[in-house]
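> Pasting in a structure now, in structure tokens, and then I'll have a few things to ask.
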Amino acid sequence: MPDSPLNPSSQEWPPPYYLPAEWEPHRGTWLTWPREDGISFPGRFPQIYQAYRRLIDCLTDHEPVFVNVNDEAMEDDARHWVEPERRRPHPVVFYRHPADEAWCRDHGPTFVRHRQTGELAIVNWDYNAWGGKYPPFDRDNAIPERIARVRGLKQFKPGIVLEGGSIDGNGRSLLLTTESCLLNPNRNPNLSHQEIENRLSAYLGVQEILWLEGPGLAGDDTDGHIDNLARFVAEDTIVISEELDPADSNYPSLRANFERLQALNRNRQRPFRIVGLPLPRPIVQENVRLPASYVNFYLANGVAVVPTFGDANDRTALRILQELLPERKVVGLDSRDVIWGAGSFHCLTQQEPR
């Protein structure tokens, strides 16, 4: 197995592989089918299966979907939910890749592309279930290697704990992440800030890392994944979660993130555009506030899948994203059951570039 496409301490630029932007063409989307005895969605079946079917129906209008399942019985059950009486422009393909939980963004592989040849490879990060919070996670940690094997791809192991939801790139030289997650001692206690930056630059081909503080929305158990806070929608455009009510518990941290992003943008030769996306009203279930965010959208071929929450701001968020993504169909899907697991559609998906 290759150790590294580039020595992480090297200043050589550019490294041979880079992280394609999510809006670049996909071969398809990876999902992991949830198990009823998992911890993510207690008391939410069959509503979760219905949400998966709506997501898969939307995605297969635009690209294939690849689904990790534990065994034959789970595959049969998944087929029961997703295949009845629907003709799909693109297929649903099942793979016997057993997993502990459903969050494919976080345990799935990060696909990178060679700058000269276009060859794809996989970055296989270490995975410890968001800082060791939810063991066991050994089967989740094995998913990237299984996918690399079925695709016949090289894989690189940086030796760093990282979930896919903690990073977002613009397909060129910029990467967004948070200090509260990647610098958390429950991930990489033996690595310095600079060592983590060096590995991100080496394996993802990014020249500049934009660090927000985090720590994440109320109810977020990921220590502040960026995919609930700020995302690229174009090389030069970032959308950021915005709370306008100063009395809301999310207001101070989101305001601090916005100001940090503005500060990072000052004196840039090519400043990026910053666009606020409102939050929905607080969603509380069983006395727990959930981290509902429209920033947790997913970009597939020709479509943007946006979580909605039965809130007045649903329409506002969809309008803003449609204006920013004029060449895509922006589709809102109800995420009120999915958010019970403290994530949404971006957390469930992982793109495989074409």
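No value in this document is a laboratory result; all are computed from the given coordinates. Keep in mind the model is a prediction, meaning the values are calculated, not measured. With ideal geometry, Cβ positions are generated from the backbone for all residues, glycine too; neighbour counts draw on all protein chains shown.
> Could you work out the local net charge near Asp138, counting Lys and Arg as +1, Asp and Glu as -1, over the other residues with Cβ closer than 13 Å to its Cβ? Mind dumping the intermediate values first?
Details: positive: Arg139, Arg146; negative: Asp100, Glu101, Asp126, Asp140, Glu145.
Surrounding charge for Asp138 is -3.
> Still on this structure, please answer the following. May I ask you to sort Val288, Val112 by Cβ crowding, counting other Cβ atoms within 10 Å and putting the fewest first? Mind dumping the intermediate values first?
Numbers: Val288 11, Val112 26.
Taking fewest neighbouring Cβ atoms as first place, the list is Val288, Val112.
> Once both labels are modelled 7 Å past Cα along the beta-carbon direction, what's the Ala256-Glu83 spacing in nm?
5.0 nm
> With unit charges on the beta carbons (Lys and Arg positive, Asp and Glu negative) and the dipole taken about the Cα centre of the range 17-353, which residue among Gly131, Pro158, His225 sits farthest to the positive side?
So the residue we want is Pro158.
> Could you tell me which residue out of Trp211, Pro189, Val284 lies farthest along the dipole of the chain toward its positive end? Charges go on the beta carbon: Lys and Arg +1, Asp and Glu -1, centred on the Cα centre.
Checking the options against the dipole of the chain, the answer is Trp211.
> Where does the charge balance sit around Glu213 when Lys and Arg score +1, Asp and Glu -1, over other residues with C-beta under 10 Å from its C-beta?
So the environment of Glu213 carries a net charge of -1.
> Next question, about the same structure. Please identify, among Ala234, Ala102, Ala256, the residue showing maximal mean-square fluctuation in a Gaussian network model of the chain using a 10 angstrom Cα cutoff.
Sorting by GNM fluctuation, first place goes to Ala256.
> Give, as a single signed number, the net charge of other residues whose beta carbon lies under 10 Å from the beta carbon of Gly28, with Lys and Arg counted +1 and Asp and Glu -1. Walk me through the numbers before you get to the answer.
Numbers: positive: Arg27, Arg354; negative: Glu63, Glu352.
Cβ neighbours under 10 Å give a net charge of 0.
> With just the Cα atoms defining each centre, how far is the range 25-67 from the range 299-342? Give it in Å.
The range 25-67 and the range 299-342 have Cα centres spaced 16 Å from each other.
> Only sites in a loop by DSSP and with at most 14 other Cβ atoms within 10 Å count here; which GluC sites (Glu not before Pro) in the range 49-94 make the cut? Kindly include the intermediate steps, with their values, before the conclusion.
Working: sites: Glu72, Glu75, Glu85; in loops: Glu85.
Taking the range 49-94 and a limit of 14 other Cβ atoms within 10 Å, the loop GluC sites (Glu not before Pro) found are Glu85.
> What's the magnitude of the charge dipole for the chain around its Cα centre, counting Lys and Arg as +1 and Asp and Glu as -1 at the beta-carbon? Answer in Debye, nearest 20.
Numbers: 38 positive and 50 negative charges, 186 e Å.
Approximately 900 debye in magnitude.
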